[in-house]
Amino acid sequence: MREMGEWDWWYGPPKYRVLHAADVTYNEAEDTAGYGVSACGWRAHFAIPGIFSRMGLPRCAKCCVKLGYPGGIGSPKNDEACRPLIKARLVNHKEC
């Protein structure tokens with residue numbers, strides 16, 4: 001689940017308008033959702049967005065700055081500049 005969240009990012013209430021980089025703890029009944037905290041400090045019940053949201057919502061500017069990602073629209077996996085950054089975060093997380 002962590003890897004999916006790194007590639008797609010998360011969204012949550014109240015308005016589901018922005019994608020966040022978040023560390024989410026999920027339960028098995030909700031395999032694509034759970035409670036967590038975003039890189040920008042927002043605590044919420046996050047979910048992996050559907051295809052149209054993954055392609056059309058903006059990435060949180062504060063999360064992008066915190067992680068060193070370029071701002072933009074859609075999941076980081078859809079942005080060529082973000083892919084190497086995602087891979088590096090995943091490798092660094094596995095080493096911890």
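Among (1) part of a loop (DSSP other than H, G, I, E, B); (2) over 13 Å from the mean Cα position of the chain (by Cα); (3) not aromatic (Phe, Trp, Tyr), where does residue 65 come up short?
Looking at each condition in turn, residue 65 falls short on (1).
Which members of segment 41-62 meet the condition of being over 11 Å from the mean Cα position of the chain (by Cα) and among the charged types (D, E, K, R)?
Within segment 41-62, 43, 62 meet the criteria.
Could you give me the residue pairs with C-beta distances under 6 Å whose first residue belongs to segment 61-88 and is surrounded by 19 or more Cβ atoms within 10 Å (Cβ to Cβ), whose second residue is among the aromatic types (Phe, Trp, Tyr) and outside any helix (DSSP H, G or I) wherever it lies, and which are 6+ apart or on separate chains?
Sorted first by the residue in segment 61-88, then by its partner, the pairs are 75/9; 82/69.
Can you find even one residue in segment 68-80 that is touching a helix residue (DSSP H, G or I) at 6+ places or on another chain (Cβ under 8 Å), of a type in the set (Val, Ile, Thr), more than 23 Å from residue 26 (Cα to Cα) and not in a helix (DSSP H, G or I)?
Yes; the residues of segment 68-80 include at least one that is touching a helix residue (DSSP H, G or I) at 6+ places or on another chain (Cβ under 8 Å), of a type in the set (Val, Ile, Thr), more than 23 Å from residue 26 (Cα to Cα) and not in a helix (DSSP H, G or I).
Quick check on segment 9-40: of everything there that is among the small types (Gly, Ala, Ser) and under 18 Å from residue 89 (Cβ atoms), which residue is nearest to the chain's Cα centre (by Cα)? If you could, list the steps in order and put the result at the bottom.
Our first condition is that a residue be among the small types (Gly, Ala, Ser); within segment 9-40, this holds for 12, 21-22, 29, 33-34, 36, 38-39.
Okay, now just the ones that are also under 18 Å from residue 89 (Cβ atoms), so 21-22, 36, 38-39.
On the way: 21: 3, 22: 5, 36: 11, 38: 8, 39: 9 Å.
Looking at residues that are among the small types (Gly, Ala, Ser) and under 18 Å from residue 89 (Cβ atoms), I get 21.
Read the figures in this text as sums done on the coordinates, not as results from a lab. These numbers were taken from a predicted model, which means no experiment stands behind them. Glycine gets a Cβ as well: all are built from the backbone with ideal geometry, and neighbour counts include every protein chain shown.
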